[in-house]
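J.: Below is a structure I'd like to ask you about.
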Amino acid sequence: MRQNPSFAMTDVAELRRVIADHPWVTLVSDTADGLVASHYAVLLDEDRDDLTIVGHVGKPDDLIHGLGERELLVVVQGPHGYISPGWYPPGPEVPTWNFVSVHLAGVPEILTAEENLVVLDRLVAHFERSMPGPRLLWEPPNDPEYVRRLERGTVGFRLTPTRVVAKRKLSQNRPDEVVDTIVQELEAGASPYADPRLAGEMRRAHDALREARSAR
């Protein structure tokens, strides 16, 4: 990902927020057979306060990726969307795409079966907690043998990244009044490109910029 210092994200707390809010990620490996990519949900490691993530792949994706043997790239995609030149003041302009993305790279550690069960349990609980009647992993009608059979079809991993590239391109190079207009257009709902989540990320980024300017 091409980096621009004006758009770089380096604050660990903000990076953790983006990862936590967008757990569906892309896993990319460079193998002897070429590049391969898979898609899985991950969680931040609850025992760490850094960018370590835990997750699993279904077999045989572990072999396809050479999981644990080579570097794995994890792409976390936050809110993103089209920005129309019609949202700028009159004058020559072109469209752009605003986005938030985090790339984590490192060699993952393979989890034991018991560690993998803990991660699987956490994943189910994490996503089921918002349901009116949560169906947790170890609760009936699931029985222990069913859960352990499920675990045997997966390979759990923990990744502590050795390289992190994160970018938040949210019109930070535009005047405040232009940013406010873009946010309004994204929130309005009249445009086919309206996206309240992207608008929220823009507000968050620009509020921080304004606070930094005020503190000078």
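Nothing in this text is a laboratory measurement; each read-out follows from the coordinates by a stated rule. Bear in mind that the values here come from a model prediction, so they are computed numbers and not experimental data. So basically every Cβ, Gly included, is an ideal-geometry build from the backbone, and we count neighbours across all protein chains shown.
J.: Out of segment 5-35, which residues are assigned to a strand (DSSP E or B), more than 13 Å from the chain's Cα centre (by Cα) and of a type in the set (A, V, I, L, M)?
T.: Hits for segment 5-35 are Ala8, Val28, Leu35.
J.: I've got another one for you. Enumerate the pairs (first residue in segment 100-119 and farther than 14 Å from Leu44 by Cα; second residue anywhere and crowded, with 19+ Cβ neighbours inside 10 Å and aromatic (Phe, Trp, Tyr)) with beta-carbon separation below 7 Å, excluding pairs fewer than 6 apart on the same chain, so at least 6 apart or on different chains.
T.: Partner pairs satisfying both residue conditions: Glu109/Phe157; Ile110/Phe157; Leu111/Phe157.
J.: Looking only at segment 36-69, which residues are farther than 15 Å from Val107 by Cβ and assigned to a loop (DSSP other than H, G, I, E, B)?
T.: Asp45, Glu46, Asp47, Arg48, Asp49, Asp50, Lys59, Pro60
J.: Moving on. Picking from Ala13, Ala41, which residue would you name as being closer than 19 Å to Lys167 by Cβ and not acidic (Asp, Glu)?
T.: Ala13
J.: Please indicate, with yes or no, whether at least one residue in segment 82-94 is farther than 26 Å from Val183 by Cα and not in a loop (DSSP other than H, G, I, E, B).
T.: no
J.: Right, next: Among all residue pairs at least 6 apart or on different chains, which show Cβ distances below 8 Å where the first residue, located in segment 44-69, is under 14 Å from Pro161 (Cβ atoms) and the second is among the acidic types (Asp, Glu) and assigned to a loop (DSSP other than H, G, I, E, B)?
T.: Once the first residue is under 14 Å from Pro161 (Cβ atoms) and sits in segment 44-69, its partners that are among the acidic types (Asp, Glu) and assigned to a loop (DSSP other than H, G, I, E, B) give Thr52/Asp45; Ile53/Asp45; Val54/Asp45.
J.: Here's something else I'd like to know. Pull up segment 131-166, narrow it to residues that are within 21 Å of Ile53 (Cα to Cα) and either touching a Ser or Thr at 6+ places or on another chain (Cβ under 6 Å) or among the small types (Gly, Ala, Ser) (or both), then point me to the one that is surrounded by the fewest Cβ atoms within 10 Å (Cβ to Cβ).
T.: Among residues in segment 131-166 that are within 21 Å of Ile53 (Cα to Cα) and either touching a Ser or Thr at 6+ places or on another chain (Cβ under 6 Å) or among the small types (Gly, Ala, Ser) (or both), the one surrounded by the fewest Cβ atoms within 10 Å (Cβ to Cβ) is Gly153.
J.: Which of the residues spanning segment 192-216 are free of Cβ contacts under 8 Å to residues at least 60 places away in the same chain and under 19 Å from Thr96 (Cα atoms)?
T.: Within segment 192-216, Pro192, Ala194, Pro196, Ala199, Arg203, Ala205, His206 meet the criteria.
J.: Residues Glu114, Glu211, Glu128, Glu177: which one is charged (D, E, K, R), loosely packed, with under 12 Cβ neighbours inside 10 Å and within 25 Å of Leu51 (Cα to Cα)?
T.: Only one candidate qualifies: Glu114.
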